[in-house]
Amino acid sequence: METLDQRRAISELVAAFGGSLALVNFSSRTGRSQAEIAELIQSDSLLSFSNELGILQIPTWQIHNQEILDGVPEVLKALGVRSALSKHIFFTTFSDYLEGELADELGSNDINPIMALRLGYKSTVLKAIENES
């Protein structure tokens, strides 16, 4: 369970990347049942957090074209047992490894795992996890 300071930090980080939705709203936006979304959260296949009031929230960056962003479940499994804060930091932080691998192809040095997944570079994000281990 996260501390109140950790919850605040996650809330601020998530807000900078598009905010979050409650389970019912996330379910509606992705066309999946609340039970299915809850199961994905329970199995560490979808990132969530409890806000400062203890209410479950799901970051909206995990939605792409009204579906769950391809690669999120695999990346979360590859990250393994880490704190919720460290998982959020991984997805939102610019990565030297991704920049090295994708900068020439994408023409940018500012690449984080969210951007790489949205552009279809799931295998490169998974390699970034291996590289940091």
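All of the numbers you see were taken from the coordinates with simple rules; none came from a lab. The structure presented is a predicted model; accordingly, all values stated were derived computationally and were not measured. Virtual Cβ from ideal backbone geometry, glycine too; neighbours counted across all protein chains shown.
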What is segment 78-133 by shape, rounded, prolate or oblate, if you read a ≥ b ≥ c off the alpha carbon gyration tensor as root eigenvalues and call it rounded for a/c under 1.5, prolate for a/b larger than b/c, and oblate otherwise? prolate
Rounded, prolate or oblate (a/c below 1.5 giving rounded, otherwise prolate when a/b exceeds b/c) for segment 30-107 by Cα gyration tensor: prolate
Value of relative contact order over segment 9-133, rounded to a whole percent, pairs C-alpha under 8 Å and six or more apart: 23
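Rule-of-thumb check for the chain: C-alpha Rg over 2.2 N^0.38 Å?
Values: Rg = 14.5 Å, N = 133, 2.2 N^0.38 = 14.1 Å.
The reported ratio for this selection is 1.03.
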Relative to the present Cα-Cα distance, how much length would full extension add between ALA103 and SER83 at 0.36 nm per residue of separation? 4.3 nm
Relative contact order (percent, whole number), segment 1-67, Cα cutoff 8 Å, 6+ residue spacing: 41
Mean-square fluctuation check for the chain, GNM, Cα pairs under 10 Å: which of ASN51, ASN109, ASN65 is largest? ASN65
Which net charge results for the neighbourhood of THR30, defined as the other residues with beta-carbon distances under 11 angstrom from its beta-carbon, given Lys and Arg at +1 and Asp and Glu at -1? 0
In Å and from the alpha-carbon atoms only, list the Rg and Dmax of segment 1-67. 11.5, 33
Using 1/(1 + (r/R0)^6) with R0 = 25 angstrom and r between the beta carbons of GLU130 and ASP110, what's the FRET efficiency to the nearest 0.05? 0.70
